[in-house]
Each structure stands twice: as C-alpha cells, then as structure tokens.
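Here the structure is laid out as structure tokens; the discussion comes afterwards.
The values are calculated or read from the model by the stated rules, or taken from the named source; none is laboratory data. Just so we're clear, the structure is a prediction, and the values are computed from it rather than from any experiment. Here the Cβ positions follow ideal geometry from the backbone for every residue, glycine too, while neighbour counts run over all protein chains shown.
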Amino acid sequence: MGVYGLANANVDSATTQGFERKSRDLAAITKAIGLVLEFDNVQARLFIGDDKVSGETGNRWIYNGKRWFAVGIGYQFIKSNDEKK
C-alpha cells in the first residue's frame, strides 16, 4: 500500500537548529509505503516513509526527509450485515 499526501509538521527552535524562534505548525508532504496484514478480526500494519517541509525552514528542519517507521494494530469489533452472512 502506498501513501502520498499532506501532513502536519511542528517546527520550533530545537528542531530547526535555532532558525525558528517560536513553535508553529507547517504543511509537509508525506510519502510512505506499507504492508497491511489481516487475520480474522485483527489487522497489523507496517509503514516506512518520510516527510518534507519546503523553504528555508524545511532546509533547517532536522527531520526533513528522514525515514520514519510506524507500526499499527487494529481490531474489528463490529461486523457489517454483509460480513455476518
């Protein structure tokens, strides 16, 4: 499964090496690829991706283009009428 879209990136003095004085939220482009496995009512998700912020703030953002990993677990509590048959 592939993901490409908009994300929220919080930037501040610590994450921009002092470039930003105040904390603020900026739009970021996020892209990821992942795997979703389903066993009965349980789902497991594994994703790897990166986020990009544009401009000079993005160039100084310490997470710009750095890889991130995500793991998710889900459980289906309620079945639709079609699934009950």
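For the range 1-23, residues that are exposed (fewer than 12 other Cβ atoms within 10 Å of the Cβ) and of a type in the set (D, E, K, R) total 2.
ILE78 passes every criterion in (1) over 29 Å from SER13 (Cα atoms); (2) at pLDDT 95 or above apart from (2). Within the range 35-64, if we keep just the residues that are hydrophobic (A, V, I, L, M, F, W, C) and within 14 Å of GLY2 (Cβ to Cβ), the residue that is surrounded by the fewest Cβ atoms within 10 Å (Cβ to Cβ) turns out to be LEU35.
Any residue in the range 69-78 that is touching a Lys or Arg at 6+ places or on another chain (Cβ under 6 Å), small (Gly, Ala, Ser), surrounded by fewer than 12 Cβ atoms within 10 Å (Cβ to Cβ) and on the phi < 0 side of the Ramachandran plot? Scanning the range 69-78, I find at least one residue that is touching a Lys or Arg at 6+ places or on another chain (Cβ under 6 Å), small (Gly, Ala, Ser), surrounded by fewer than 12 Cβ atoms within 10 Å (Cβ to Cβ) and on the phi < 0 side of the Ramachandran plot, so the answer is yes.
Residue check: is ALA32 more than 12 Å from VAL11 (Cα to Cα), surrounded by 15 or more Cβ atoms within 10 Å (Cβ to Cβ) and of a type in the set (A, V, I, L, M)? Considered against the rule, which asks whether it is more than 12 Å from VAL11 (Cα to Cα), surrounded by 15 or more Cβ atoms within 10 Å (Cβ to Cβ) and of a type in the set (A, V, I, L, M), ALA32 comes out as yes. Of the residues making up the range 15-38, those that are in contact with an Asp or Glu (Cβ under 9 Å, 6 or more places away or on another chain) and of a type in the set (A, V, I, L, M) are ALA28, ILE29, ALA32.
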